[in-house]
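Here's the structure we're looking at; comments come further down.
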Amino acid sequence: MTNPDPGIVIIATLTATPENRDHLLQALQELLPAARAESGVYTFLLHENRQQPGQFTLYEHFRDQIAIDSHFNSPHFARISNALAQYADGPPILTYHQPLHSNEMPRGPEASA
């Protein structure tokens, strides 16, 4: 079964200040379960750059703009925003993407369980 609307993907890239890599990583890891539990979230994955430790990328796949707005207004988003202000070297870089095919929705490790 395919989803007729492939949704919206946000790629968020953020970098910790050198002394705060572990603090930012912990804050991001605490964000994951709450973000994944949102009804409009298909996928929410955290990655770290292998060549630049402390540079993190979030792959966020949302159902629609309403789901994105809900995420940005959530208490856990407010908490991560505060952590970014403390531990990151600047605001995240956000890019918005439109998946080209609905059958390309990624499946995380939890989807195969």
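Kindly evaluate Leu58 against the criterion of being hydrophobic (A, V, I, L, M, F, W, C) and modelled with pLDDT under 95.
no
Scan the stretch 7-20 for residues that are open to solvent by 20 Å² or more (accessible area, probe 1.4 Å) and either within 22 Å of Ala78 (Cβ to Cβ) or modelled with pLDDT under 95 (or both) and jot them down.
Ile8, Ile11, Thr13, Thr15, Thr17, Pro18, Asn20
Any residue in the stretch 9-22 that is polar (S, T, N, Q) sitting within a Cβ distance under 7 Å of a residue that is part of a loop (DSSP other than H, G, I, E, B) and open to solvent by 20 Å² or more (accessible area, probe 1.4 Å)? List the pairs, counting only those 6 or more apart or interchain.
Thr13/Pro92; Thr15/Asp89; Thr17/Asp89
Here is a check on your reading of the model: is Ala37 among the hydrophobic types (A, V, I, L, M, F, W, C), at negative phi and open to solvent by 30 Å² or more (accessible area, probe 1.4 Å)?
In short, yes.
Residues checked against (1) among the β-branched types (Val, Ile, Thr); (2) open to solvent by 60 Å² or more (accessible area, probe 1.4 Å); (3) at positive phi:
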| site | (1), (2), (3) |
| --- | --- |
| Phe44 | no, no, no |
| Glu48 | no, yes, no |
| Gln51 | no, yes, no |
| Thr57 | yes, no, no |
| Phe62 | no, no, no |
| Ile68 | yes, no, no |
| Pro75 | no, yes, no |
| Asn82 | no, yes, no |
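The values are calculated or read from the model by the stated rules, or taken from the named source; none is laboratory data. Given the structure is predicted, the values throughout are model-derived calculations rather than measurements. Neighbour counts are summed over all protein chains in view; Cβ atoms, including those assigned to glycine, are modelled from backbone coordinates with ideal geometry. We work out accessible area using only protein heavy atoms, side chains counted, and drop any ligands, DNA or RNA first. Shrake-Rupley method; radii C 1.70, N 1.55, O 1.52, S 1.80 Å.
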